[in-house]
Every structure is written in C-alpha cells, then in structure tokens.
Amino acid sequence: MRAIAVSTFGAEPCLVEVPKPGPATGEVRVKVEYAALNPLDWQTGDGVRDEAVPHVFPLVLGTDFAGRVDMIGSGDNTFRVGDPVFGRVTAPPLGRCGAYGEYVCVPQDSPIALVPSGLPLQVAAALPTAGSTAAQILSSTAVRSGLTLLVVGATGGVGSFLTQLAAARGTAVVAAVRGDEGRRMRALGAIATVDTASGSAALEAAVRDLYPDGVDALVDLVSTDTASFAAYTALVRDGGVAVTTRGVAAPGGIAWADFRLAPTAALLDELASAVASGELTVPIDMELPLEKAPQALVQNRAGGARGKTVFTI
Ligand SMILES: NC(=O)c1ccc[n+]([C@@H]2O[C@H](COP(=O)([O-])OP(=O)(O)OC[C@H]3O[C@@H](n4cnc5c(N)ncnc54)[C@H](OP(=O)(O)O)[C@@H]3O)[C@@H](O)[C@H]2O)c1
C-alpha cells in the first residue's frame with residue numbers, strides 16, 4: 001500500500017510502498033480515506049518519542065484518520081465491516097501503522113469512534129488530536145474556572161478548537177497570534193486579538209489595556225523555552241494559571257501545568273456530536289492529496305497553520 005514514511009529518525013518523509021497491515025486480535029483494520037496533519041507527525045519522525053515507545057522503520061507517519069472498517073481481527077468486537085470511524089493510531093510499535101497510509105490497524109479499545117451520519121469523513125479526520133487537546137485542556141486543568149483566557153498560537157489546530165470551546169462556555173478569549181487574524185479569530189469566538197509579532201512590550205500593553213490585573217488563564221501552544229513562556233505568564237493575574245502543551249518548565253511563582261493529551265473514544269463521540277449539531281466548527285484550511293504530505297509537513301514545521309490540513313489518501 002502507499003504510505004508516507006521515514007526510513008530513520010530525522011530523514012525526509014517520502015511516499016513509499018509498504019505491506020498492508022493485518023489486524024491482530026482485538027484490532028480492526030480501517031481503509032483510511034482522510035488523515036489530518038498534526039505537529040506530532042513530524043515530531044514523531046524526528047524521534048521525540050524514541051525513549052517512550054518502540055518504533056519500527058520504515059516508520060509510517062500520521063496519527064489522526066477517518067475511514068471505513070474493512071477487516072476485523074479475532075476476539076471481542078464492537079465494530080462492523082463498513083462502519084465509518086475516526087480516531088488516533090498510537091499503538092506501539094509506532095510506524096507499523098500510521099494515518100498517512102492506505103490502511104491502519106487499531107485496537108478496538110483505542111480512541112476510535114463511529115462517525116455520526118451526516119458528518120463528512122474529512123471533517124471527522126481533523127478532530128481527534130487537536131479537538132481532544134482543546135477539550136481536555138478546558139476540562140482537566142484549572143483553565144476551566146477561568147473567566148479570561150489568553151491563547152498563544154490561537155490560529156492553529158488546537159487554538160482554533162480551544163477558542164471556540166472556551167468562548168462557548170462564556171470565557172472571554174484573547175487570541176495571541178502572528179499577523180492580522182482578527183476577523184478569523186472573532187468568527188471563532190475570540191473577544192480580542194493581539195499580535196505577538198509586534199514585540200513583548202506591545203503585546204503586554206495590549207493585554208493590560210484589556211485586563212489591567214492580568215488574565216485568569218494562559219494556554220501557550222507555542223513557546224519552546226522557559227524565557228518565552230515566562231514572558232506570557234507575566235500577563236496572568238496573581239492566583240491565575242498557565243498551561244503549556246510544549247513541555248516547557250515554567251518560571252517559579254505561578255501555578256502551571258504541563259499538559260499531556262489522554263484521548264478517549266467517549267471524548268471523540270462528544271466532539272463529533274458537537275460538530276454534527278453545529279456547536280463546533282472544524283476549520284479545514286487545506287485539503288491535499290497524500291503525495292503532498294512531505295511538503296505540508298515542512299510547511300507546518302515552519303509555522304503558519306490556519307486551522308487544519310487534511311490529506312485525501
Ligand atoms: N502536550 C500534548 O499532549 C499536545 C497535544 C496537542 C498538541 N501539542 C503541541 O501543541 C502545539 C500546537 O499544536 P497545534 O496542533 O495547534 O499546531 P499548529 O496547528 O501547527 O498551530 C500552531 C500555531 O501557532 C502559531 N504560532 C507559532 N508561533 C507563534 C507565535 N510566536 N505567536 C503566536 N502564534 C504563533 C502558528 O501560526 P504562525 O506561524 O503563523 O504564527 C500556528 O497557527 C504543537 O507543538 C503540538 O505538538 C501538544
């Protein structure tokens with residue numbers, strides 16, 4: 001089958017032919033129709049999870065998928081051949097199956113769920129990682145009690161969902177972005193947009209203008225070092241909370257959390273229902289053929305994501 005894979009950590013992702021995987025006991029095989037890009041995909045190709053999980057090469061990239069069940073392994077079974085499903089492929093060894101391939105085998109008890117009728121598969125494919133991250137940041141961290149929330153990197157996948165979900169529960173979201181994205185962020189529910197590209201003094205002035213004592217909560221999707229994270233945490237009021245998704249240690253003196261996604265099938269069901277009922281919008285920026293995935297990964301690494309990129313497989 002066709003897949004986008006790396007031959008070793010750090011190698012350039014390429015279109016390759018690999019054997020079609022067969023479902024093991026307890027697994028279903030899914031014929032993938034769409035995969036969505038997450039930064040985790042190129043990070044996995046770089047080897048960021050090398051010490052945590054076994055990998056195999058060629059390492060087929062990709063985590064989020066949607067498609068139809070085409071074969072069922074032995075053992076207990078909750079799905080039927082032909083079911084439209086979406087979810088994440090993360091079972092070890094990483095690379096045996098990846099969403100950037102024509103077929104994935106996934107354990108039935110992993111984060112996979114039925115696509116509700118009427119929900120297009122490419123929309124479902126764009127939900128799992130970014131949607132679950134946004135929902136769990138709001139439900140499982142102290143960010144949930146905040147009345148004002150500063151989101152740094154709000155234009156990307158996680159930020160676009162987080163802005164909507166937080167605004168829907170009455171939180172005033174200030175979107176910190178690079179560039180002129182006010183209209184886009186307002187449409188997603190932000191009450192204000194500030195530009196991080198104009199420098200930290202201008203950013204601080206813009207936020208202090210809105211909230212002189214600081215915001216209740218910060219979600220930083222961008223900073224990869226403590227100094228940058230610290231500059232944003234200075235905009236949080238005393239007693240507020242800061243969250244990073246980038247594993248950055250925070251400076252002392254503030255409440256903070258290093259967020260780790262723990263996705264579940266139940267959460268996927270909730271997200272899909274919210275989209276199907278029109279409460280949540282999935283901002284698909286680009287839909288590309290699988291062959292374009294290597295270039296799209298290079299582009300995502302460089303920045304500039306505006307919502308989600310989806311590949312047709
Ligand atoms: N810990 C976890 O469990 C977990 C879960 C999900 C995601 N993550 C991580 O969280 C990060 C965000 O994920 P994502 O899916 O939202 O990525 P994404 O879709 O690539 O979006 C990142 C966004 O950040 C913006 N950005 C970059 N630098 C910025 C800056 N200095 N100021 C303002 N905006 C900036 C980018 O746009 P511009 O470049 O145009 O500014 C882009 O819109 C990734 O590193 C991902 O790996 C971690």
Report summary line: When every residue in the stretch 65-113 that is in a strand (DSSP E or B), of a type in the set (A, V, I, L, M) and in contact (Cβ under 8 Å) with a residue 60 or more places away in the chain is compared, the one surrounded by the most Cβ atoms within 10 Å (Cβ to Cβ) is V104
Report summary line: Pairing a residue in the stretch 239-268 that is in contact (Cβ under 8 Å) with a residue 40 or more places away in the chain with any residue that is aromatic (F, W, Y), where Cβ atoms lie under 8 Å and the two sit 6 or more apart in sequence or on different chains, gives V241/W256; V243/W256; V243/F259; T245/F259; L268/F86
Query raised in the report: Within the bounds of the stretch 212-228, is there any residue that is in a loop (DSSP other than H, G, I, E, B), touching a Pro at 6+ places or on another chain (Cβ under 8 Å) and closer than 20 Å to P39 by Cβ?
Result: no
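Given the structure, is D269 touching a strand residue (DSSP E or B) at 6+ places or on another chain (Cβ under 6 Å) and either surrounded by fewer than 15 Cβ atoms within 10 Å (Cβ to Cβ) or more than 30 Å from A202 (Cα to Cα) (or both)? Explain how you work it out, then say what you get.
Values: touching a strand residue (DSSP E or B) at 6+ places or on another chain (Cβ under 6 Å): yes; either surrounded by fewer than 15 Cβ atoms within 10 Å (Cβ to Cβ) or more than 30 Å from A202 (Cα to Cα) (or both): yes.
Taking the combined requirement at face value, the residue satisfies it.
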Query raised in the report: Among the numbered criteria (1) within 21 Å of the chain's Cα centre (by Cα); (2) modelled with pLDDT under 90; (3) hydrophobic (A, V, I, L, M, F, W, C), which single criterion is violated by A255?
Result: (1)
Requested in this report: Sort through P212, P283 and tell me the only one that's more than 11 Å from the ligand (Cβ to nearest atom) and either out of contact with any strand residue (DSSP E or B) (no Cβ under 7 Å at 6 or more places or on another chain) or touching a residue at least 24 places away in the same chain (Cβ under 8 Å) (or both).
Outcome: P212
Query raised in the report: So, of the residues in the stretch 133-153 that are without any contact (Cβ under 8 Å) to a residue 60 or more places away in the chain and hydrophobic (A, V, I, L, M, F, W, C), which turns out to be farthest from the ligand (Cβ to nearest atom)?
Result: L138
Query raised in the report: Across the stretch 39-64, which residue is farthest from the ligand (Cβ to nearest atom) among those that are surrounded by fewer than 22 Cβ atoms within 10 Å (Cβ to Cβ), in a helix (DSSP H, G or I) and within 17 Å of the chain's Cα centre (by Cα)?
Result: W42
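So, in the stretch 220-238, exactly how many residues are out of contact with any strand residue (DSSP E or B) (no Cβ under 7 Å at 6 or more places or on another chain) and touching a residue at least 24 places away in the same chain (Cβ under 8 Å)? Walk me through it before giving the result.
Here is the first cut: in the stretch 220-238, the ones out of contact with any strand residue (DSSP E or B) (no Cβ under 7 Å at 6 or more places or on another chain) are 224-228, 230-231, 234, 238.
Now drop any that are not touching a residue at least 24 places away in the same chain (Cβ under 8 Å), which leaves 224, 226, 231, 234, 238.
Final tally of qualifying residues: 5.
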**Report entry** Meets criteria (exposed (fewer than 15 other Cβ atoms within 10 Å of the Cβ), part of a loop (DSSP other than H, G, I, E, B) and in contact (Cβ under 8 Å) with a residue 24 or more places away in the chain) for E291
**Finding:** no
Report task. Kindly indicate the residue of the stretch 237-252 that is in a strand (DSSP E or B) and under 24 Å from the mean Cα position of the chain (by Cα) and also nearest to the ligand (Cβ to nearest atom) among those meeting that condition. Result -> T244
Query raised in the report: Within the stretch 178-190, can one find any residue that is buried (at least 17 other Cβ atoms within 10 Å of the Cβ), part of a helix (DSSP H, G or I), touching a residue at least 24 places away in the same chain (Cβ under 8 Å) and within 12 Å of the ligand (Cβ to nearest atom)?
Result: yes
Query raised in the report: Any idea which of (1) touching a residue at least 24 places away in the same chain (Cβ under 8 Å); (2) under 18 Å from T163 (Cα atoms); (3) exposed (fewer than 14 other Cβ atoms within 10 Å of the Cβ) is the one G278 doesn't satisfy?
Result: (1)
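The values are calculated or read from the model by the stated rules, or taken from the named source; none is laboratory data. What you see is a predicted model; the values in this text were computed from it and never measured. Positions of Cβ are generated from backbone atoms using ideal geometry, with glycine treated the same way; all protein chains shown enter the neighbour counts.
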